[in-house]
1. Using the reciprocal of the averaged 1/r over all distinct C-alpha pairs, how large is the Kirkwood radius of segment 125-366 in Å?
2. At R0 = 25 Å, how high is the FRET efficiency between residue 46 and residue 161 if r is their beta carbon distance? Nearest 0.05 is fine.
3. Determine one quarter of the surface area of the Cα convex hull of segment 24-114, which equals its mean projected area, and express it in nm² to one decimal.
4. For a paramagnetic label modelled at 7 Å from the Cα of residue 265 toward its Cβ, which residues of segment 86-126 fall within the zone defined by backbone nitrogen distances under 20 Å?
5. Ratio of Rg to Rh for segment 98-257, alpha carbon only, Kirkwood?
6. What does the convex hull of the Cα atoms come to per residue for segment 167-211, in Å³?
7. Report the extension gain between residue 367 and residue 344 in nm, rounded to one decimal, defined as 0.36 nm multiplied by the number of residues separating them, less their alpha carbon distance.
8. Please compute the modelled spin-label separation between residue 147 and residue 278, points set 7 Å along Cα→Cβ, answer in nm with one decimal.
């Protein structure tokens, strides 16, 4: 009896099924060094440095644990094959088939992680949504996108903190900002940076007309100390206002919310999540610095430069992905060509296939 294990020959430490290099032994050495560092008696004497080390540990384990799991699963399946070679057993055969499916899933996850090789991919990120062309429909679409990404963030076990929220006049939201924390949060979510287009029968049209709406997604890495010169007194305008929504009496009754506008670029960062105006200002400054840093990076990257260059036009001609709810049901990515008819699944946060396709496209583009 012959049983084919498709990943047994190619899946080994140091090489992914697709042939992508993955320095697993070096990652194990890094993990060992971090754990040794954390075991020191004076580790928590510097809380800020300790938290950075803990974050590094999470990022390394996020790579190592899936590889360990796939290797162990592969070894278990080999043992089952040996058992079946000695004599057919229906229970073992069923367990083997289930294990093959799981091994394929684990190997796909490892392959995706190996594609996250950007300098900032492992970092937390600031995640922003802005309604574009389309009036109430666009604001409603922005809120639908927010729900989509919050569902995705929940699926990936990331932590999320709301920083600011501007509601639409009649429906939905005009804009929002969040801080997303977790291993490779920036690497994953940066794949969706750009304009998103929705085509549907408008719930705000009395005639039941089909409408097209736009909203943009913008993502910046949360970088500790960014080396970028900003004259906060001359280059940035600060506005304070009363926060809206949840937050308690103090947040809503005092001007604790802070909005910072970089005068030369027009970039805006705002935060209203804290009771303290000082804390909101500090967070907004970090967000603005991250956006300016990203814009400088974009000048050396033609693809990101286009996104930032078209920032003022969240509308026709710039969409990276289109969501069609009428007359047909489909979601298509303009960059990768990835297509699905499961529109409800996508709107419920099932966007990992789109992210995987974009990561593969980016990797291929870097190696051309």
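1. Taking every pair of different Cα atoms in segment 125-366, averaging 1/r and inverting gives 18.7 Å.
2. So, using R0 = 25 Å, E works out to roughly 0.60.
3. The directionally averaged projection comes out at 7.7 nm².
4. Output list for this probe position: 119-126.
5. 1.05
6. Taking the convex hull of the Cα positions in segment 167-211, it is 100 Å³ per residue.
7. Difference between extended and current length: 4.8 nm.
8. My value for the distance between the label points is 4.0 nm.
Laboratory data are not the source of any read-out in this text; all were calculated from the coordinates shown. Keep in mind that what you see is a predicted model, and the values were worked out from it rather than measured. We place every Cβ from the backbone using ideal geometry, glycine too, and count neighbours over all the protein chains shown.
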